[in-house]
Amino acid sequence: MVNLDRKWIRFLKEANIFDTDPLNLPFFEVHDELNPLLWSEDEQINPEIADVLKTIAEDFVENAEIGAPILDITITGSMANYNWTKYSDIDLHILINLRDIDSNIELVKKLVDNQRINWNLTHDIMVNDHEVEIYVQDMNEKHVSSGVYSLLRDKWIVKPTIDRPIVEFEPVRNKTDALIGKIDQIERLFHEERHYEAYDYAKRVKKKIKRMRQAGLQNGGIYSIENLAFKYLRNTNYLEKLSDLYNMSYDRMLSVE
């Protein structure tokens, strides 16, 4: 089991990571098997579920008019690993070559990501009580994960291993406190009607958090300080608050009375 002190337990409780028992840490629980609702005892995907997930991915590409062939469909994240919980999403990655759409990769990324966000907002698809979350991934993009399963090839690309982490409390708390302070400052700027400053600051903080998480996953994996800080901000709705402030500041900044 994970080595945790009492301060860390209180910290996780604030983030709503607990189930009912205060000593039960589902976010950090490491199982001896993959989630049996998706996987067989020999760690192969349930064929019926695989068909459903492939249909979801194919329908998204068709309805969003992506304009590029699907190269692979993969499952990644905690549902393709031993640290799954009842709260875990099924991270469904659709691999395409963005250059098949246009040579301006950055523009294509933004357009495709908007399509993905709209799809996830307008659909609430559950597979065995786990929400399906779609991602579009460029075939040339490096994706860091300790578990990746290809639905089209019906095999593991990266097979997960059981890893029982030791988590340090203080560095994660320090990082989250600093970011929460920045988000609270953005909120103050917004209420002072300094909308341009709030928008600009929110934009920079969003980029900072994104880079932080990417660096954490690449260097330390899912239990890195940076990724745990990201999870805390997400579970306590600070990321949602940041996005709301970003959008509201932009709207107010360009509104004319």
Members of segment 103-144 that are open to solvent by less than 30 Å² (accessible area, probe 1.4 Å), part of a strand (DSSP E or B) and either over 14 Å from ALA57 (Cβ atoms) or not β-branched (Val, Ile, Thr) (or both): HIS130, GLN137, ASP138
Test set (1) open to solvent by 70 Å² or more (accessible area, probe 1.4 Å); (2) without any contact (Cβ under 8 Å) to a residue 24 or more places away in the chain; (3) of a type in the set (S, T, N, Q) - ASN227 fails condition number: (1)
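From the list GLY216, GLY147, pick out the single residue that is open to solvent by less than 40 Å² (accessible area, probe 1.4 Å) and touching a residue at least 60 places away in the same chain (Cβ under 8 Å). Walk me through it before giving the result.
On the way: GLY216 fails: touching a residue at least 60 places away in the same chain (Cβ under 8 Å).
Residue meeting the stated conditions: GLY147.
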Scope segment 44-61; condition open to solvent by less than 40 Å² (accessible area, probe 1.4 Å) and not in a helix (DSSP H, G or I); matching residues: ILE45
Qualifying residue in segment 133-141 (condition: within 19 Å of ASP51 (Cβ to Cβ) and not acidic (Asp, Glu)): yes
Those residues of segment 76-114 which are among the small types (Gly, Ala, Ser) and modelled with pLDDT of 90 or more, in sequence order: ALA80
Conditions (1) farther than 30 Å from TYR82 by Cα; (2) surrounded by 17 or more Cβ atoms within 10 Å (Cβ to Cβ); (3) free of Cβ contacts under 8 Å to residues at least 40 places away in the same chain: number failed by LEU245: (3)
Residues of segment 100-119 satisfying the condition of being in contact (Cβ under 8 Å) with a residue 40 or more places away in the chain and more than 16 Å from the chain's Cα centre (by Cα): VAL112, GLN115
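Can you find even one residue in segment 155-164 that is buried (at least 18 other Cβ atoms within 10 Å of the Cβ) and assigned to a loop (DSSP other than H, G, I, E, B)? Show your work before the answer.
Taking segment 155-164 and keeping what is buried (at least 18 other Cβ atoms within 10 Å of the Cβ), we get 160.
In the following step, the residues that additionally are assigned to a loop (DSSP other than H, G, I, E, B) were identified as 160.
So far as segment 155-164 goes, yes, one or more of its residues are buried (at least 18 other Cβ atoms within 10 Å of the Cβ) and assigned to a loop (DSSP other than H, G, I, E, B).
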Index of the failed condition, ILE90 passing every other in (1) within 16 Å of the chain's Cα centre (by Cα); (2) open to solvent by 30 Å² or more (accessible area, probe 1.4 Å); (3) hydrophobic (A, V, I, L, M, F, W, C); (4) closer than 25 Å to HIS31 by Cβ: (2)
Among (1) free of Cβ contacts under 8 Å to residues at least 60 places away in the same chain; (2) more than 16 Å from LYS159 (Cα to Cα), the one test that GLU33 misses: (2)
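Based on what the data block shows, is THR122 β-branched (Val, Ile, Thr), farther than 15 Å from ASP91 by Cβ and at pLDDT 85 or above?
Numbers: β-branched (Val, Ile, Thr): yes; farther than 15 Å from ASP91 by Cβ: yes; at pLDDT 85 or above: no.
No; evaluated as a whole, the condition is false for this residue.
Go through LEU95, LEU179, LEU152 for me and flag whichever is in contact with a strand residue (DSSP E or B) (Cβ under 9 Å, 6 or more places away or on another chain) and crowded, with 18+ Cβ neighbours inside 10 Å. Give the derivation first.
Numbers: LEU179 fails: in contact with a strand residue (DSSP E or B) (Cβ under 9 Å, 6 or more places away or on another chain); LEU152 fails: crowded, with 18+ Cβ neighbours inside 10 Å.
LEU95 is the lone residue from the list that is in contact with a strand residue (DSSP E or B) (Cβ under 9 Å, 6 or more places away or on another chain) and crowded, with 18+ Cβ neighbours inside 10 Å.
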Segment 66-85 - residue that is in contact with a strand residue (DSSP E or B) (Cβ under 8 Å, 6 or more places away or on another chain) and farther than 16 Å from ILE45 by Cβ and, of those, surrounded by the fewest Cβ atoms within 10 Å (Cβ to Cβ): PRO69
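The values are calculated or read from the model by the stated rules, or taken from the named source; none is laboratory data. Source: prediction; values computed, not measured. Note that each Cβ is placed from the backbone with ideal geometry, even for glycine, and that neighbours are counted across all protein chains shown. Please note that ligands, DNA and RNA were not included when accessible areas were found on the heavy atoms of the full protein model with its side chains. Shrake-Rupley method; radii C 1.70, N 1.55, O 1.52, S 1.80 Å.
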